[in-house]
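Worksheet for the structure shown next.
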Amino acid sequence: MIYCWNMKNEYRRYQTDLRFGCIAPFYHEVLSEKTPGQMDLLAEWFPGLIVAEEESREKKPAEYIDSERMIHAMKYNDHFYSGGSTRVSQILGRLCGTAQGNQEKEREAAHEIQMRIAQDMVSDMTLMPALQENARQQLGRMDEPQQSMLYDKVMDEVYLLIEQRKALSENKWLNEPFAMSPESFEGIVYNCAYQLNQNGFEGLCNAWLWLLIGGLLRNESGRVLRVYRSNFIAVNRQQGQDNTLEDKINYLFHPEQYYDVYDGDDLDRRFPGVEWYCDNCQAHLNIQLGFDDHLEEWKCTECGHVNKLSMDQIYDTEEDLANNAQPSDAEKFRKALKG
């Protein structure tokens, strides 16, 4: 069990959960600071994405603007001021995972915000680097012992989240508020753990950001996982944004409005220079959305065949593969990587 921040800015005993309101307070706990209010906390890690600052000389309640899928609020004494708006408080509570209940309108508004942010992360290639830089600046406030403490907290959280998910029945986690699919949950936790394993400040920042994204977006984070590697380098060309018929037609007639996504440094791969093809249909696996050769196997998105990704599946030439010759020599391959 951990202590999770609630809507009254107090600590309550909660079962650990992949919710923004349960994760984000770790940072202030390590710094021995009071956890900010919900709007300030969201603006701290996702600046400009959820709360827009209103310029006003008079204190007025915060307001959710449906057409923008944004909350507008003014600052008072350097903190966002809610003004007692019940609707805004309910929306914030659902985004942070600290409020439940049957206020359907507020739940839908929170989901609309989640969908918009996920779409922004997929379509705007400047957004993720900006969020990474923001995370670096925030974690840069910590000294090395504090960073080490946060690392330990995040590492513990990874295992706690896994144990919690295993303990829940399928029916229970499917019916929880903003239910998270196994694929989205496992993708977030894996990316977090993979970055922690890098044993550096950059890895800690990336791991922390993945947990915050998963906690905030929940199942909508699946869209982000399909586009970014664990270090937030985009993996494939995005020919469309939402895969609707309208979007496909827009791309057909206006391809210049879409963008190329950087494929990342080849050295980020487990097997640099190796191109993978499906054993069943010969589809090029490297270009399939979400492909990562750090995985032990990959299910082809074209035919569904599960392909092993290991050293004993790599051949020096196509002719060797066709003739069922010996795979590449592992030691020779490692020496080639070292140059």
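The values are calculated or read from the model by the stated rules, or taken from the named source; none is laboratory data. Everything numeric here is computed off the predicted structure, so don't read it as measured data. Positions of Cβ are backbone-derived with ideal geometry, glycine not excepted, and every protein chain shown enters the neighbour counts. Just the protein is used for accessible areas: all its heavy atoms, side chains included, with ligands, DNA and RNA removed. Shrake-Rupley method; radii C 1.70, N 1.55, O 1.52, S 1.80 Å.
Here are the numbers:
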item: Residue pairs meeting the criteria (Cβ under 7 Å; at least 6 apart or on separate chains; first charged (D, E, K, R), in region 308-320; second at pLDDT 80 or above); result: Lys308/Glu297
item: Residue in region 125-176 that is modelled with the lowest pLDDT, counting only those that are open to solvent by 40 Å² or more (accessible area, probe 1.4 Å) and of a type in the set (A, V, I, L, M); result: Leu174
item: Condition check for Pro61: open to solvent by 10 Å² or more (accessible area, probe 1.4 Å), assigned to a helix (DSSP H, G or I) and not hydrophobic (A, V, I, L, M, F, W, C); result: no
item: Residue match in region 213-220 (condition: closer than 23 Å to Asn134 by Cβ, open to solvent by 10 Å² or more (accessible area, probe 1.4 Å), at pLDDT 85 or above and under 18 Å from the mean Cα position of the chain (by Cα)); result: yes
item: Unique match (being in contact (Cβ under 8 Å) with a residue 40 or more places away in the chain and either exposed (fewer than 15 other Cβ atoms within 10 Å of the Cβ) or farther than 23 Å from Arg94 by Cβ (or both)) among Ala179, Ala193; result: Ala179
item: When residues of region 43-58 are limited to those that are assigned to a strand (DSSP E or B) and open to solvent by 30 Å² or more (accessible area, probe 1.4 Å), the one farthest from Leu95 (Cα to Cα); result: Glu54
item: Some residue of region 12-28 being aromatic (Phe, Trp, Tyr), open to solvent by 30 Å² or more (accessible area, probe 1.4 Å) and within 23 Å of the chain's Cα centre (by Cα); result: yes
item: Filter result (in contact with a Leu (Cβ under 8 Å, 6 or more places away or on another chain) and free of Cβ contacts under 8 Å to residues at least 40 places away in the same chain) within region 142-175; result: Val158
item: Failed item, numbered, when Asp124 is tested on (1) closer than 23 Å to Thr98 by Cα; (2) within 18 Å of the chain's Cα centre (by Cα); (3) without any contact (Cβ under 8 Å) to a residue 12 or more places away in the chain; result: (1)
item: Scope region 287-318; condition open to solvent by 80 Å² or more (accessible area, probe 1.4 Å) and over 24 Å from the mean Cα position of the chain (by Cα); matching residues; result: Glu302, Lys308, Asp312, Asp316, Glu318
item: Residue ID - farthest from Ser221 (Cα to Cα), chosen from residues in region 192-202 that are over 14 Å from the mean Cα position of the chain (by Cα) and part of a helix (DSSP H, G or I); result: Phe201
item: Those residues of region 125-169 which are in a helix (DSSP H, G or I) and among the acidic types (Asp, Glu), in sequence order; result: Glu133, Glu144, Asp152, Asp156, Glu157, Glu163
item: Residue count for region 71-111, restricted to those that are surrounded by fewer than 16 Cβ atoms within 10 Å (Cβ to Cβ) and not in a loop (DSSP other than H, G, I, E, B); result: 6
item: Cβ pairs under 6 Å, 6+ apart, first in region 212-227 and among the acidic types (Asp, Glu) and in a helix (DSSP H, G or I), second open to solvent by 10 Å² or more (accessible area, probe 1.4 Å) and modelled with pLDDT of 90 or more; result: Glu220/Met115
item: Scan of region 247-268 for residues that are open to solvent by less than 80 Å² (accessible area, probe 1.4 Å) and at pLDDT 70 or above, ordered by number; result: Asp247, Ile249, Asn250, Tyr251, His254, Pro255
